[in-house]
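All of the numbers you see were taken from the coordinates with simple rules; none came from a lab. Being a predicted model, the structure only gives us computed values, none of them experimental. Cβ sites come from the backbone with ideal geometry, for glycine too, and all protein chains shown count toward neighbours.
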Amino acid sequence: MKIEKIFNLSDFKSTIPFTALGARTCYSSGDLNYLLNDPRVVSKDERAKFLSKLGNYKHFSVFAHSFAYKDLSKIEEEVIDELLGDKFKSLTHKEKAEILANKIGSTFFKSHYNPKYPTVIGISLRHYLERLLNIGEEIYFNTFEKMADYDIPIEPAGKIENVTLIGILKEYDGYGVFYIDNVSRTMTHQLVRHTALNYSQRSQRYVREDENESVIPPSISSSELKINHGDLTDTYLKLIKIFKEYLEKSEGKEKLVDEFLSKVNELETVFRSKKEINMKDIFILSDHLSQAIYNFFVYYGKIKREDARFILPHGRKTTIVVSGTISWLKDFIIKRTDPHAQWEIRDVAEKMKNLLEKEGITF
């Protein structure tokens, strides 16, 4: 389908920066404030170079965060005739526009068609770029250079704690982009099951886990159960100390290793004097032990981070950018604000709902 006959790069200009934010989220441990000051996100020239690099890698998923709608009844009838062929030439302009919108909607994965707007179709920048690559590499890479023509700043629409509405389109079925921070990978495993949405998540392959930690569930933090078993604490500390000694001999980055060793020393100080430990204490000790093994693998064993990460818990904190049409975002929110949803994803869904309601979106 020759969608380049219908859409052009300028249709996506207001949402192109969201793709850079999603991409930098994958490769950075920085918070949102850091990302919103990253030249690869906010500088039109640096952003174009960065996105071109991603285009060279065929890293198309991040471009799904940029979206545009087009009313096909407003494009020239000759263009529609070219795309549909002679079979439908006898139909009215509007009828042909409806057929073409349906055809595009049934051809492109995660495009958006709603019979409520029969002549309207929505596609992402990903669809557009993939089509250009099929035409030829020259037109494909030239498009990334043209992205530097658009200097549109990211101005978040709202924030509730760890959930930020980065941007929103309101025409037709709309489109929303969220930045979600300090949630566990357990939660994002549930989130990404909603396959109609698009995701860019902090990578454990490329981003250091040295300064990270796990999310502690409220049920564990509030548990009053305590055990008096000095051997258990000693066993944890002895194991952590063994890996600490290897790290002291490693050739890893001195600053990173020193930071971890300092944390271990603090941990030993806190737990050596404890006669009783609770569920939260056991959680923290287990998290530190997994971190010690991870650091041992990376800095002493020279194991790649992408393999060392297998030892880390599902509860590790992560960051993720989520985007989709308002209708599909509402579908996620309705399902995950249900009382049966787990506490963490329900909390995120409720914040997303509140942010959308502030923008006039009704549920």
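So if R0 is 35 Å, what FRET efficiency would ASP81 and ASP331 give, r being the distance between their Cβ atoms, rounded to the nearest 0.05?
On the way: r = 36 Å, r/R0 = 1.02.
Once the sixth-power term is evaluated, E becomes 0.45.
On full extension of the chain, what length is gained from PHE88 through LEU239, given 0.36 nm per residue of separation minus the C-alpha to C-alpha distance?
Numbers: separation 151, 0.36 × 151 = 54.36 nm, distance 7.36 nm.
In short, 47.0 nm is gained.
Under a plain spin-label model, where a point goes 7 Å from the Cα along Cα-to-Cβ, how far apart in nm are GLU137 and LYS58?
Placing both labels 7 Å beyond Cα along the Cβ direction yields 1.2 nm.
What pairs from LYS49/LYS249; LYS58/LYS170; LYS5/LYS353 go past 32 Å between their alpha carbons? All intermediate terms of the calculation are to be shown ahead of the outcome.
On the way: LYS49/LYS249 40 Å; LYS58/LYS170 29 Å; LYS5/LYS353 36 Å.
Too far apart for the 32 Å limit: LYS49/LYS249; LYS5/LYS353.
When GLU344, GLU306, GLU350 are ordered from fewest to most other Cβ atoms inside 10 Å of their Cβ, what list results?
Details: GLU344 20, GLU306 11, GLU350 16.
Neighbour counts put them in this order, fewest first: GLU306, GLU350, GLU344.
Provide the net charge surrounding PRO339, with neighbours chosen by a C-beta distance below 15 Å and charges set as Lys +1, Arg +1, Asp -1, Glu -1. Present the calculation step by step, with values, prior to reporting the outcome.
Working: positive: LYS335, ARG336, ARG346, LYS353; negative: ASP338, GLU344, ASP347, GLU350.
With Lys, Arg at +1 and Asp, Glu at -1, the net is 0.
Once label points are set 7 Å from the Cα along Cα→Cβ at both TYR27 and GLU4, what is their separation, rounded to one decimal in nm?
It is 2.5 nm.
At 0.36 nm per residue, minus the direct Cα-Cα distance, what do ASP258 and LYS170 gain on full extension? Give it in nm, one decimal, please. Write down the numbers at each step before the final one.
Values: separation 88, 0.36 × 88 = 31.68 nm, distance 4.93 nm.
Answer, rounded to one decimal: 26.8 nm.
Based on the alpha carbon coordinates of the chain, what radius of gyration and maximum Cα-Cα distance (Dmax) apply, in Å?
24.8, 87
For the residue pair ILE220 and ASP151, what label-to-label distance in nm results when each label sits 7 Å from Cα along the Cα-to-beta-carbon direction?
4.8
Got a sec to turn the phi values of the range 220-229 into Karplus ³J(HN,Hα) couplings, 6.51 cos²θ - 1.76 cosθ + 1.60 with θ = phi - 60°, whole Hz, x for Gly and Pro?
So the Karplus estimates, Gly and Pro as x, are 7, 4, 8, 4, 8, 5, 10, 10, 9, 9 Hz.
Return the loop-located trypsin sites (Lys or Arg not before Pro) in the range 62-159 (DSSP other than H, G, I, E, B) with at most 15 other Cβ atoms within 10 Å of their own Cβ; answer none if there are none. Present the calculation step by step, with values, prior to reporting the outcome.
Working: sites: LYS70, LYS74, LYS87, LYS89, LYS94, LYS96, LYS103, LYS110, LYS116, ARG126, ARG131, LYS146, LYS159; in loops: LYS89, LYS110, LYS116.
Answer in residue order: LYS89, LYS116.
Show me the GluC sites (Glu not before Pro) within the range 48-115 that DSSP assigns to loop and that have at most 15 other Cβ atoms within 10 Å of their Cβ.
Numbers: sites: GLU76, GLU77, GLU78, GLU82, GLU95, GLU98; in loops: GLU76.
Sparse-neighbourhood loop GluC sites (Glu not before Pro): GLU76.
Write out the trypsin sites (Lys or Arg not before Pro) in the range 213-289 meeting two conditions: DSSP loop, and at most 14 other Cβ atoms within 10 Å of their Cβ. Present the calculation step by step, with values, prior to reporting the outcome.
Values: sites: LYS226, LYS238, LYS241, LYS244, LYS249, LYS253, LYS255, LYS263, ARG272, LYS274, LYS275, LYS280; in loops: LYS249, LYS253, LYS274, LYS275.
Loop-located and lightly packed - LYS249, LYS253, LYS274, LYS275.
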